[in-house]
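Structure first, commentary second.
The values are calculated or read from the model by the stated rules, or taken from the named source; none is laboratory data. Note that this is a predicted model, so its numbers are computed, not measured. Glycine also receives a Cβ, built like all others from the backbone with ideal geometry; neighbour counts cover every protein chain displayed. Remember, those area values only see protein heavy atoms, side chains included, never the ligands or the DNA or RNA. Shrake-Rupley method; radii C 1.70, N 1.55, O 1.52, S 1.80 Å.
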Amino acid sequence: MKTPIYIIEEDRLRRNLALIREVARRTESEWILAFKAFALWKTFPIFREYISSTTASSLSEARLALEEFGAKAHTYSPAYKDDEFDDIVRCSSHLTFNSLTQYERFHERAAGVSLGLRINPEYSEVGTLLYNPCAPGTRFGVTSDKLPDELPADIRGFHCHCHCESGADVFERTLKHIEEKFARWFPQLEWINFGGGHLVTRKDYDIELLVSLVQGFHQRYQHLKVIFEPGSAFAWQTGPLVSSVVDIVEDKGIRTAILDVSFTCHMPDCLEMPYYPDVRGAEHVEEDVSHLSPLTSHLYRLGGNSCLSGDFMGMWQFDHELQVGEEIVFEDMIHYTTVKTNTFNGISHPSIAMLHSDGSLELLRRFTYEDYRDRMD
């Protein structure tokens, strides 16, 4: 197997999809795939066995929904462009406006689409500001004080996104703020979309609490259709990124294993969030390791193969000396990677493959020089 390569595992994907389908059934709600986290369209035939809709945030994603998934998208964008809007409408079943000004500008051109407004409950427990959509000064959504008592007649729903890989306990606390600020408009609506970030496929997620919360919501607002649109939950722990050691260098007692992947190109969330991924056969060492000898403790910093000085993660302890050509496997690298990768520095883009249930490995895509060149054609 030539590295680098992302490998999505069919059995793990189906496990997540089956769980989400069961949660949707028990909560009497619709769960749809957010392309911003996962958009490998060659896997859509599997997805269509479990779900019927997706969510888009751009014209390209909306087209992907219609042309490759086979169903119109639930679309939201911070701001629609005039020259793209009619095509977005063509590809959308639901369309959410981020502001009242965007609504006023475009709503008459969206006939036949169920329209919504994104709301801002001014509450989110997302700790990293980069991912917090309700941080002060946010550009996302309308606060309750800016809404008229009577919504425009063609507004059918509210969209609210406040979570990031969150648990049901966070949704419970957030839901109280949503209802406190916006429940008085619910009688005027047909649906409410609670957005993404609901990580129901994580092992410690309290599904029973979620079921109870949504069932209670249904009892209070029986006329409202409830929608969730996670991305990570669908692709959570569905496969690794496999890389290889290209060289090993040392400076000031720190040994770095330079890999044929890049954190900034292929694992950007590791630097943006930031977080340390699981590395197969290695342990991340957080404490001060200055007293340890890198030669006897098998300590390595893992470095990307780009010219960005900060393209590294460290320190990692292995149970053996690493060798050039040895594979380094980063676990759980499917969601928010394949959609966010870039070709900075012309670094080779990882191939994408699927490990099928029968053990066969299907190469979905191999990237070439022409892919890098043609981005700037």
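Some values worked out for this structure:
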{"item": "The chain, relative contact order in percent, only Cα pairs under 8 angstrom and at least six apart counted", "result": "20 percent"}
{"item": "Cα centroid separation, the stretch 302-377 to the stretch 242-270 (Å)", "result": "11 Å"}
{"item": "Computed lengthening from LYS203 to LEU271, 0.36 nm per intervening residue step minus Cα-Cα distance", "result": "22.0 nm"}
{"item": "Residues in the stretch 168-190 reached by a label modelled at GLU125 [backbone nitrogen below 19 Å; 7 Å Cα→Cβ]", "result": "168-181"}
{"item": "Gained length - ASP87 relative to ASP145, 0.36 nm times residue gap less alpha-carbon distance", "result": "17.6 nm"}
{"item": "Full-stretch length increase - GLU28, GLU68 - with 0.36 nm per residue and alpha-carbon distance subtracted", "result": "11.8 nm"}
{"item": "Accessible-area composition of the chain, carbon plus sulfur, in percent [1.4 Å probe]", "result": "48 percent"}
{"item": "Listed residue (ALA257, GLY167, PHE217) projecting farthest to the positive dipole end of the chain, Cβ model", "result": "PHE217"}
{"item": "Sites matching trypsin sites (Lys or Arg not before Pro) across the stretch 260-366 that sit in DSSP coil, with at most 10 neighbouring C-beta atoms within 10 Å", "result": "none"}
{"item": "Projected label distance in nm at ASP374 and HIS107, using a 7 Å step from Cα toward the beta-carbon", "result": "4.2 nm"}
{"item": "Axial C-alpha extent at least 18 Å, average Kyte-Doolittle at least -0.5 - helices from the chain (DSSP)", "result": "207-220"}
{"item": "Placed amide H near ARG365: partners under 5 Å, 5+ positions off or other chain", "result": "ILE352"}
{"item": "Partners for LYS72 among lysines (Cα-Cα distance below 24 Å; same-chain residues under 8 apart left out)", "result": "LYS36, LYS42, LYS81, LYS225, LYS340"}
{"item": "Unit charges at the beta carbon, dipole of the chain: most positive-side option, SER114, GLY239, ALA73", "result": "SER114"}
{"item": "Cβ charges +1 (Lys, Arg) and -1 (Asp, Glu), total dipole of the chain, debye", "result": "940 debye"}
{"item": "In Hz, Karplus ³J(HN,Hα) per residue of the stretch 184-201 (6.51, -1.76, 1.60; θ = phi - 60°; x = Gly, Pro)", "result": "5, 8, 4, x, 8, 10, 10, 8, 9, 10, 8, x, x, x, 8, 8, 5, 8"}
{"item": "Lys, Arg +1 and Asp, Glu -1 on Cβ, resulting dipole of the stretch 152-213 about Cα centre, debye, nearest 20", "result": "160 debye"}
